[in-house]
Amino acid sequence: GIAAPYWLADLFARTIGPREAEVGLGLGKMYSPQEALEIGLVDELSEDVSKRCVEVAEEWSKVPHRGRSLAKAMTRRALAEELVRRKQEDIEWFEGMVEDEAVQRGIGEYLAALSSKKK
């Protein structure tokens with residue numbers, strides 16, 4: 001199958017913890033909404049997602065832009081620098097993975113399954 005790139009695995013582990021990330025990524029786990037909430041992958045569940053998004057956006061809009069930007073930059077700086085530093089390596093890793101014969105076969109099977117569902 002297609003493996004997650006290092007930066008996604010890193011974000012996943014930071015969000016839900018290294019062990020849960022290892023299991024989730026290793027098994028290609030699809031989390032139910034309740035499971036995602038319980039492990040911290042999502043902050044909350046909502047029956048009216050559009051309404052809740054507007055409420056959260058309004059809440060964030062009350063925070064001064066400079067403070068919000070600085071906090072975001074501080075918490076993401078190391079990963080952003082790593083992404084820039086490893087850009088070429090990441091591109092080569094992805095190209096190698098998607099060109100792999102087994103991955104290509106898996107993609108073909110997946111597309112065929114999607115196509116047969118449409119019929």
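The values are calculated or read from the model by the stated rules, or taken from the named source; none is laboratory data. The structure presented is a predicted model; accordingly, all values stated were derived computationally and were not measured. Cβ sites come from the backbone with ideal geometry, for glycine too, and all protein chains shown count toward neighbours. Each accessible area value is taken on the protein alone, full model and side chains, heavy atoms only, with ligands, DNA and RNA left out. Shrake-Rupley method; radii C 1.70, N 1.55, O 1.52, S 1.80 Å.
Please calculate how many Å² of accessible area the chain carries per residue, with a 1.4 Å probe and no DNA, RNA or ligand atoms counted.
Details: 9670 Å² over 119 residues.
In whole numbers, the chain has 81 Å² accessible per residue.
Along segment 31-40, what does the Karplus equation 6.51 cos²θ - 1.76 cosθ + 1.60 (θ = phi - 60°) give for ³J(HN,Hα), rounded to whole Hz, x for Gly and Pro?
Residue by residue, segment 31-40 yields 7, 6, x, 5, 4, 4, 5, 5, 8, x Hz.
Quick one: net charge around Glu35, please, counting Lys, Arg +1 and Asp, Glu -1 for every other residue with C-beta under 15 Å from its C-beta. Let's see the in-between values first.
Details: positive: Arg19, Lys29; negative: Glu20, Glu38, Asp43, Glu44.
The answer is -2.
Ordered by packing density, taken as the mean number of other Cβ atoms within 10 Å over each peptide's residues, highest first, how do 46-55, 11-20 rank?
11-20, 46-55
When the Karplus curve 6.51 cos²θ - 1.76 cosθ + 1.60 is applied with θ = phi - 60°, which whole-Hz ³J(HN,Hα) does each residue of segment 67-78 get, with x for Gly and Pro?
Here the 3J(HN,Hα) series is x, 4, 5, 5, 4, 5, 5, 5, 6, 10, 4, 4 Hz.
Going by alpha carbons, how many degrees (0 to 90, nearest 10) lie between the helix axis of 101-118 and the longest principal axis of the chain?
The angle comes out near 80 degrees.
Cross-link partners among lysines for Lys117, C-alpha distance below 25 Å, same-chain residues fewer than 8 apart left out?
Lys29
Using a probe of 1.4 angstrom, how much of the accessible area of the chain is carbon and sulfur, in percent? Mind showing how you got there, number by number?
Details: 5620 of 9670 Å².
About 58 percent, which is the carbon plus sulfur part of the accessible surface.
Just add up the charged neighbours of Ala21: K/R +1, D/E -1, any other residue whose Cβ is under 13 Å from the Cβ of Ala21. Can you show the working numbers first?
Working: positive: Arg14, Arg19, Lys29; negative: Asp10, Glu20, Glu22.
Net charge around Ala21: 0.
Just subtract the alpha-carbon distance of Asp90 and Glu47 from 0.36 nm times their residue separation and send over the number in nm, one decimal.
Numbers: separation 43, 0.36 × 43 = 15.48 nm, distance 3.78 nm.
Gain on stretching Asp90 to Glu47: 11.7 nm.
Assuming 0.36 nm per residue, please report the length gained on full extension of the stretch Arg66 to Ile107 beyond their Cα-Cα distance.
Details: separation 41, 0.36 × 41 = 14.76 nm, distance 4.36 nm.
Extending this stretch completely gives an extra 10.4 nm.
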